[in-house]
Every structure is written in structure tokens, then in C-alpha cells.
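First up is the structure itself, then whatever we jot down about it.
Just so you know, all these numbers are worked out from the coordinates, no wet-lab data involved. If you're wondering where the values come from, they're calculated on a predicted model, not measured in any experiment. FYI the Cβ positions are ideal-geometry reconstructions off the backbone, even for glycines, and counts take in every protein chain you see.
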Amino acid sequence: AHVVCDGCVNCKHTDCVDVCPVDAFREGPNFLVIDPDECIDCAVCIPECPEAAIFSEEDVPAGQEQYIQINAELSKQWPSITRRKPPMEGWEKWSNVQDKLKYLKR
Ligand code: SF4
Ligand code: F3S
């Protein structure tokens with residue numbers, strides 16, 4: 001499956017959801033996840049993300065492996081999102097911040 005990683009936290013641009021052919025994205029308060037049971041690994045969402053936050057499971061960067069489990073877990077709790085909407089207010093100041101897992105709201 002593909003995995004939403006650290007870059008999305010507090011940015012949530014949502015460009016990714018418009019292109020997903022199987023509506024695999026789920027929305028939380030300040031982050032999106034991909035349901036690994038829905039994702040067909042088409043990869044079209046990867047270039048859509050302005051934060052480059054989406055990776056195939058094999059390519060998840062070192063240190064961000066926890067996001068694989070987080071996507072699997074939270075995708076079962078959060079509602080579907082299929083239409084793009086404005087990014088989070090103040091996303092600009094989070095855009096280049098790393099290690100945002102501590103800010104992820106569930
Ligand atoms: Fe959807 Fe394809 Fe991205 Fe999976 S890889 S979440 S199927 S757009
Ligand atoms: Fe997040 Fe990027 Fe989608 S910031 S909402 S993964 S476009």
C-alpha cells in the first residue's frame with residue numbers, strides 16, 4: 001500500500017484525494033491516511049502532494065516507519081475524504097518542519 005507520512009501533519013493540502021481511483025483516503029483533524037486495504041498502489045497520488053508526504057510502503061523514509069501502522073490503524077477510525085478542500089490554516093509554517101508525529105491529532 002501507499003502511506004501518508006510526516007510531511008502531511010498540520011498541512012493537509014488534500015490534492016491527493018482528487019486523484020485516487022479507489023477513494024482510499026481518510027481524514028483526521030490535521031492529517032490524512034490511506035486505507036491499506038483499499039489502496040491499489042497506482043502511485044498517482046505521490047506527485048500530487050505539495051509536501052511529498054506520500055510513499056509506497058517500501059519507500060517510507062528511515063525514521064518514519066511508524067506511519068505505516070498509523071495509516072492502517074487510523075484509516076479504520078476516520079471518515080472518507082474524496083474531494084479536495086483548502087489546506088489547513090497556517091500550513092506554511094509547518095511545511096518544512098520535521099518530526100511532526102507529536103502534533104498528530106487523533
Ligand atoms: Fe489511491 Fe493510488 Fe494513492 Fe493508493 S497509490 S492511495 S490507490 S492514488
Ligand atoms: Fe497530506 Fe499531501 Fe494529501 S499534505 S492531504 S498527503 S496532498
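Considering (1) within 13 Å of ligand 1 (Cβ to nearest atom); (2) not in a helix (DSSP H, G or I), the lone condition that residue 58 does not fulfil carries the number (2).
Can you tell me which residue in region 1-27 is nearest to residue 97 (Cα to Cα), limited to those that are buried (at least 21 other Cβ atoms within 10 Å of the Cβ) and small (Gly, Ala, Ser)? Looking at the filtered set, the residue picked out is 7. Might you let me know whether region 37-57 holds any residue that is more than 14 Å from ligand 2 (Cβ to nearest atom), within 20 Å of residue 98 (Cα to Cα) and not aliphatic (A, V, I, L, M)? The answer is yes; a qualifying residue exists. Go through region 1-20 and report how many residues are within 6 Å of ligand 1 (Cβ to nearest atom), more than 15 Å from residue 85 (Cα to Cα) and in a loop (DSSP other than H, G, I, E, B). Matching residues across region 1-20 total 0. If you check 105, 76, 85 for being within 12 Å of ligand 2 (Cβ to nearest atom) and part of a loop (DSSP other than H, G, I, E, B), only one passes: 85.
Condition check for residue 40 on (1) within 19 Å of residue 77 (Cβ to Cβ); (2) assigned to a loop (DSSP other than H, G, I, E, B); (3) within 10 Å of ligand 1 (Cβ to nearest atom): one failure, at (1). With respect to (1) more than 18 Å from residue 29 (Cα to Cα); (2) hydrophobic (A, V, I, L, M, F, W, C); (3) surrounded by 12 or more Cβ atoms within 10 Å (Cβ to Cβ), the lone exception for residue 62 is condition (3). Within 9 Å of ligand 2 (Cβ to nearest atom) and of a type in the set (Val, Ile, Thr): does that describe residue 4? Judged against the criteria, residue 4 is a match.
Restricting attention to region 34-52 and to residues that are in contact with a helix residue (DSSP H, G or I) (Cβ under 8 Å, 6 or more places away or on another chain) and under 14 Å from residue 20 (Cβ atoms), the residue that is surrounded by the most Cβ atoms within 10 Å (Cβ to Cβ) turns out to be 34. Among the residues of this structure, residue 70 counts as one that is over 9 Å from the mean Cα position of the chain (by Cα) and within 16 Å of residue 106 (Cβ to Cβ).
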